[in-house]
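The next block holds one structure in the form of C-alpha cells; read it before the comments.
The values are calculated or read from the model by the stated rules, or taken from the named source; none is laboratory data. Worth saying up front: this structure is predicted, and the values here are computed from it rather than measured. Cβ atoms come from the backbone with ideal geometry, glycine included; neighbour counts cover every protein chain shown. Keep in mind that these areas ignore ligands, DNA and RNA; they rest on the heavy atoms of the full protein, side chains included. Shrake-Rupley method; radii C 1.70, N 1.55, O 1.52, S 1.80 Å.
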Amino acid sequence: MEQILFYCFSAVLIFAATMVITVRNPVRAALFLVLAFFTSAGIWLLLEAEFLALTLVLVYVGAVMVLFLFVVMMLDINLSSLQEGFTRYLPLGIIVAALITIEMLAVLDASHFGLDIVSAPAPQPEGYSNTKAIGLLLYTTYVYPFEIASVILTVAIIAAITLTLRDTKSRKAQVVSEQVKVRAEDRVRVVKMKTSKPDNDQEAGS
Amino acid sequence: MMDFVLYTLLPILLKIMLIVMPLMIAVAYLTYAERKVIGYIQLRIGPNRVGPRGWLQPIADAVKLMFKEVILPRQSNLYLFVVAPVLAIGPALAAWAVMPFDAGLILADIDAGLLYILAITSMGVYGVIVAGWASNSRYAFLGALRSAAQVVSYEIAMGFALVGVLVAAGSLNLGEIVLGQQGGFWHWYFIPLFPLFVVYFLSGVAETNRAPFDVAEGESEIVAGFHVEYSGMAFAIFFLAEYADMILISMLAAVLFMGGWLSPFQGTVLEPAFAWVPGLIWLLMKTSFFLFLYLWFRATFPRYRYDQIMRLGWKVFIPVTLVWLVVVSTMQVMDIGPWFTEASDLAETMMVEPAADVEQVQVDSL
C-alpha cells in the first residue's frame, strides 16, 4: 500500500516538476510548483516526517508561493521575447546542465546511497512525535546554528526594507494617532438654518 | 485488497459523509440565520415567504443556483477558471478531518492536528487568487490581490495565537488540547490567553474575508471582488467554501479556547444536573455563539479601509501575540494555577521522554 502511494506521489511530483519548466504561462508554472511542493510533502508524510511535511505546506505553499504568485500575476511577460534568446544561450545552457549532471553522478550513485549502505529507517514506536524530537534537537544541540540563522534572517529583513524605503520626505503616509484622535466636531459643522416652511418643519428640517 | 476496501476505505468514506452532509446543511441554514439575524438587527423580518417562516429559503436558493447557467468568460483562462472553485472548497472541507466533535469522536486523530489545520487552511487562499486571475477582469483581479495580501498577513497573527494554545496545552493534538482544559469553565484557555483568543477570532474573521474585513469582495468598491465573473454552481461553491470556513473557525475557537465538548458546569454544583447533555451539543452551542458573533460584526461595523487592515494585522495583532507568548511561557514555567499546574506536569514528562528517543535516533543514524 505504502509503495503504491509512494509511486503515485512520485509520478505526480515528477510530472509537476517537468511542467514547471515547460509550461509557457508563468502563473500556471507557479501553480505546478505548488503542486510539486504539495506532493513532496505527501512523500515526507510517508517517511513519518509529519512535522516537516506540514511545515513545508504551511510555509512554502501557504505563504511563499502565495507571494510568488502575487508578483508573477502582476508581471506582463511577453512570451515571444522570452523565447528570442533560446539558440544564443543554448550552448551555455548545455554546458551548465552537463556539469550539474556530472557532479550529481559523482556523488549520487549506489556506492554512496545504495540500500546496503543507507538502510530504510525503522518505523517509530507508537506515541513518537517528531515535532517534539525536532524541537528538542533545535533548542538544545543545535541552538547556536538556529539562533545565528534567525539573526541572519532578521538582518535580511532590515536590509530589504532599507533598500526599498527611499525618499522618506515625499512619501504620503497616514499619521494614525491623529486619525484616531479625530472627533466628529472637528470634521462636521452643523449649520442652523431658518426653515422655509415654518408650519411643516419636519420635512424642511430633514 | 478486498479487505482493505471493505474495512478501511468504506468506513472512512462513510465517516466523511457523516461530517460533510451535516456541514452542508449547516452552511445552508447559516445563510438563513444570517439573513434573519441581520434582518432583525435592522428591524426587518428577513426571508419569510418560502415554507413556514421562510425555513425552506436556503433550499430554494440552492435549487436556483443549481439550475443557473455557468457562464465561462471568453477571454478568461478557462482551465484555471474551472479549477479555482475546487481549490477553494477542497481545503475548506479537508480541514474538518482532525476536528474532535466529542471524546474519541474524530475522523483522523493525528498528533499534529493543529499544524495540519494551519497548513490546510493556508491553502484556501489559492482558490481566491486563481479565480481572480483566471477571470481576466480588473475587479476580480483587485479582489484577489487584496485577499492574498490580507490572508498572508493575518495568518502570522493567527499562527502566533495558536502557538500560545500550544504552549498552554503542551500538545498539537486537538483532543489533548480540549482535555487540557478540563475542570470547569475557569480552566478554559480563554482566560489566561485572553488577548490571543481575541486576536485568533478576529484574524479568523479576516481570514474568511468576512465583514468588517471583506475588502476582497467589497461590493461598493469592486462589485463582488474575486468571484464577480462566476455564476450558478461555480459561484455557489465559493459561497459554500466561505461559510464552511466560517463554521470551521468558530468551532476551532470553541475547541481551542472554550473547552470544546466539555460541559461549562464541570466542577460546579450543576454538573450532575447537566450530565445527560452529550458533549457534541455543548460544542455546537459554543460554535453557534461564535457564528452569531460573525453575523453581529457584519451588521454592526462598517468596512475597514485597506491600509487600516494592514496596520491592524502587522502593527497591533502581531506585537500583542508576541508579548502574550512571553507571558504565557512565564505562566507555564511558574506553574500559575488553575490553568498551568497540570499542563506543566504534562509538559515536563514529555520533556523527559523524547530526550531518550532522540539519543536513540542519533545512535541509530551513526
Does a label point 7 Å from the Cα of residue B:15, set along Cα-to-beta-carbon, have any residues of segment B:104-121 with amide nitrogen under 19 Å, and which are they? B:104-118, B:120
What dipole magnitude, in Debye to the nearest 20, does segment B:87-226 give about its Cα centre under +1 on Lys/Arg Cβ and -1 on Asp/Glu Cβ? 240 debye
Per-residue ellipticity at 222 nm attributable to helices in chain B (runs of n ≥ 4 DSSP H, -39500 (n - 2.57) apiece, nearest 500 deg cm²/dmol) works out to -21000 deg cm²/dmol
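For residue A:5 and residue A:107, compute 0.36 nm times the residue count separating them, minus their Cα-Cα distance, and round to one decimal in nm.
Once the chain is fully extended between residue A:5 and residue A:107, it gains 34.0 nm.
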From phi via Karplus (6.51, -1.76, 1.60), per-residue ³J(HN,Hα) for segment B:230-245 in Hz, x at Gly/Pro: 8, 9, x, 5, 4, 5, 4, 5, 4, 4, 4, 4, 5, 6, 4, 5
For chain A, what's the relative contact order in percent, using C-alpha pairs closer than 8 Å and at least 6 residues apart? 12 percent
Determine the shape class of segment B:7-121: with a ≥ b ≥ c the square roots of the Cα gyration tensor eigenvalues, call it rounded for a/c under 1.5, and otherwise prolate if a/b is greater than b/c, oblate otherwise. oblate
GNM top mover of B:156, B:247, B:71 - chain B, alpha-carbon springs below 10 Å: B:71
In the P(r) worked out for chain B, what percent of Cα pairs fall beyond 32 Å? 38 percent
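Taking R0 as 45 Å, what FRET efficiency do you get between residue B:335 and residue B:105 from their Cβ-Cβ distance, rounded to the nearest 0.05?
Values: r = 32 Å, r/R0 = 0.71.
Working from the Cβ atoms, E equals 0.90.
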Give me the lysines in straight-line cross-link reach of residue A:172: C-alpha distance below 29 Å, same-chain residues under 8 apart excluded. A:181, B:315
Work from the charge dipole of segment B:242-322 (Cβ charges, +1 for Lys and Arg, -1 for Asp and Glu, about the Cα centre) and give the residue of B:267, B:313, B:250 farthest towards its positive end. B:313
Chains B and A: buried accessible surface, both sides, probe 1.4 Å, rounded to 100 Å²? 3000 Å²
Leading residue at positive end of dipole, segment B:130-248 (Cβ point charges), from B:227, B:206, B:185: B:185
For chain B, the percent of accessible surface on carbon and sulfur atoms (probe 1.4 angstrom, ligands and nucleic acids excluded) is 71 percent
Relative contact order for chain B using alpha-carbon pairs under 8 Å, separation at least 6, rounded to a whole percent? 21 percent
Gyration tensor verdict on segment B:231-344 (Cα atoms; rounded if a/c is under 1.5, prolate if a/b is larger than b/c, oblate otherwise): oblate
First compute the accessible area of chain A with a 1.4 Å probe, then give the percent of it belonging to carbon and sulfur atoms. 67 percent
When the dipole is taken about the Cα centre of segment B:157-250, and only Lys, Arg (+1) and Asp, Glu (-1) are charged at their Cβ, what size is it in debye, to the nearest 20? 440 debye
Computed from every Cα-Cα pair in segment B:223-269, P(r) in 10 Å bins starting at 0 and rounded to whole percents is 22, 30, 21, 16, 8, 2
Which angle between 0 and 90 degrees, to the nearest 10, do you get for helix A:26-46 versus the longest principal axis of chain A when only C-alpha atoms count? 60 degrees
Lys/Arg Cβ at +1, Asp/Glu Cβ at -1, dipole of segment B:1-147 taken about the Cα centre: which of B:114, B:96, B:129 is farthest positive-ward? B:129
Please build a GNM for chain B, connecting alpha carbons under 10 Å apart, and tell me which residue among B:300, B:321, B:121 fluctuates the most. B:300
Angle between chain B longest axis and helix B:78-94 axis [Cα atoms, degrees, rounded to 10]: 30 degrees
Residue-normalised accessible area of the protein assembly as shown, given per residue in Å² at a 1.4 Å probe: 59 Å²
For chain A, shape from the Cα gyration tensor axes a ≥ b ≥ c, cut at a/c of 1.5 then a/b versus b/c, turns out prolate
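For peptide A:23-35, how many partner chain Cβ atoms fall within 10 Å of a residue's Cβ, on average?
Average neighbour count from other chains, rounded to a whole number: 2.
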Estimated FRET transfer efficiency (residue A:100, residue A:155; beta-carbon r; R0 41 Å; 0.05): 0.85
Of A:117, A:21, A:148, the one that fluctuates the most in a GNM where chain A has Cα springs shorter than 10 Å: A:117
Both in Å, the radius of gyration and Dmax of the C-alpha trace of the protein assembly as shown are 27.2, 104
